[in-house]
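A.B. asks: Sending over a structure as structure tokens; questions will come in a sec.
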Amino acid sequence: MDILLKNDNCTAKIISKGAELKSLTVGRRELMWRADPAFWGKTSPLLFPMIGTLRDGKTLIGGREFKITKHGFARDLELMPENVNGTSVTFSLEASDYTREMFPFEFRFTVTYTLKSDGITVTYRVRNCSEEPMPFCIGAHPAFACEGDFTDYRLEFARPETAAVPNYNLETGLHEENNRRPLLDGETVLSLKHELFYEDVCYFDKVTSRSVMLLDKSNKGVRVDYPDFTSLGVWQAKDAPFLCIEPWCGSADFDDCTGVFAEKRGAVTLGSGEERAFTYSISAIG
């Protein structure tokens with residue numbers, strides 16, 4: 001099912017599979033990647049209840065071994081649309097026999113899209129409906145179109161950052177804590193080139209900014225604000241004309257992880273009956 005949202009300046013298209021944002025136009029400008037499968041056939045998958053991959057493809061929850069699909073199952077499932085009013089829509093997902101095989105908790109997960117004058121606000125809500133504490137990871141994966149020469153683009157962080165990103169080992173699927181690439185040294189601007197992503201994601205696990213802009217040489221682009229997230233992934237498929245800016249709570253496992261899901265870096269734990277919201281927004285610049 002496709003849901004179309006529209007106001008005086010913006011239009012958004014969201015599909016019910018994975019509640020994925022497929023298009024966002026501001027004025028006449030399309031901000032999102034066109035999902036060309038020659039590079040990557042997705043536009044903005046949501047990541048729940050985990051991000052990335054697990055060490056040896058498995059994890060321990062309550063002393064039992066589980067296998068959770070890469071980036072979690074929510075992106076692959078149909079979410080039910082609720083409260084559609086023309087400029088806003090909420091999609092919901094609840095536990096099922098399928099999800100319990102990977103993630104043995106009762107939960108209610110929703111994602112709400114709300115248009116604003118210059119873009120869209122996205123709010124995830126997670127409620128623990130189990131009797132025991134529920135750990136989880138959560139994140140966004142929006143891909144933004146980059147037209148022309150990619151080296152004309154830059155990332156501009158809201159605050160000066162000193163960042164050495166951990167190498168992502170493509171064979172093991174693990175971040176390597178003691179093998180890091182220095183990218184920023186008290187700077188706000190990261191110049192972009194395709195080679196930055198030949199080793200997969202640049203994971204800013206110690207980022208202090210909660211806002212970043214993707215800008216071209218004419219200072220046109222997008223701003224992503226992520227006040228409720230604690231880290232940031234930045235990724236593109238090899239030599240692709242897009243860039244993903246990914247607010248995360250959690251990540252793929254590190255090579256020094258214990259294998260216990262509740263101890264994953266960045267994971268959030270909710271007590272029984274607790275609920276938490278995670279919001280990010282996309283705004284057109286220029």
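The values are calculated or read from the model by the stated rules, or taken from the named source; none is laboratory data. Note that the structure is predicted; figures quoted are calculated from it, not measured. Don't worry about glycine lacking a Cβ; one is built from the backbone with ideal geometry, like all the others, and counts go over all protein chains shown.
A.B. asks: Of all the strands (runs of 3 or more DSSP E) wholly in segment 242-286, which have at least 1 residues that are of a type in the set (D, E, K, R) and within 17 Å of Thr230 (Cβ to Cβ)?
C.D. replies: Because the criterion is at least 1 residues that are of a type in the set (D, E, K, R) and within 17 Å of Thr230 (Cβ to Cβ), the strands (runs of 3 or more DSSP E) in segment 242-286 that meet it are 242-249, 275-285.
A.B. asks: Which residues, taken from segment 1-41, are part of a loop (DSSP other than H, G, I, E, B), surrounded by fewer than 17 Cβ atoms within 10 Å (Cβ to Cβ), of a type outside the set (Gly, Ala, Ser) and in contact with a Gly (Cβ under 9 Å, 6 or more places away or on another chain)?
C.D. replies: The answer is Asn7, Asn9.
A.B. asks: Checking the conditions here, which among Ser23, Ser92, Ser44 is touching a Pro at 6+ places or on another chain (Cβ under 9 Å) and without any contact (Cβ under 8 Å) to a residue 24 or more places away in the chain?
C.D. replies: Going through Ser23, Ser92, Ser44 in turn, just one is touching a Pro at 6+ places or on another chain (Cβ under 9 Å) and without any contact (Cβ under 8 Å) to a residue 24 or more places away in the chain: Ser92.
A.B. asks: I'd like to know if segment 166-177 contains one or more residues that are within 29 Å of Gly27 (Cβ to Cβ) and part of a strand (DSSP E or B).
C.D. replies: No.
A.B. asks: Further question on the same structure: Within segment 71-99, can you find the residues that are outside any strand (DSSP E or B) and either at pLDDT below 95 or among the basic types (Lys, Arg) (or both)?
C.D. replies: Matches in segment 71-99: Arg75, Asn83, Val84, Asn85, Gly86.
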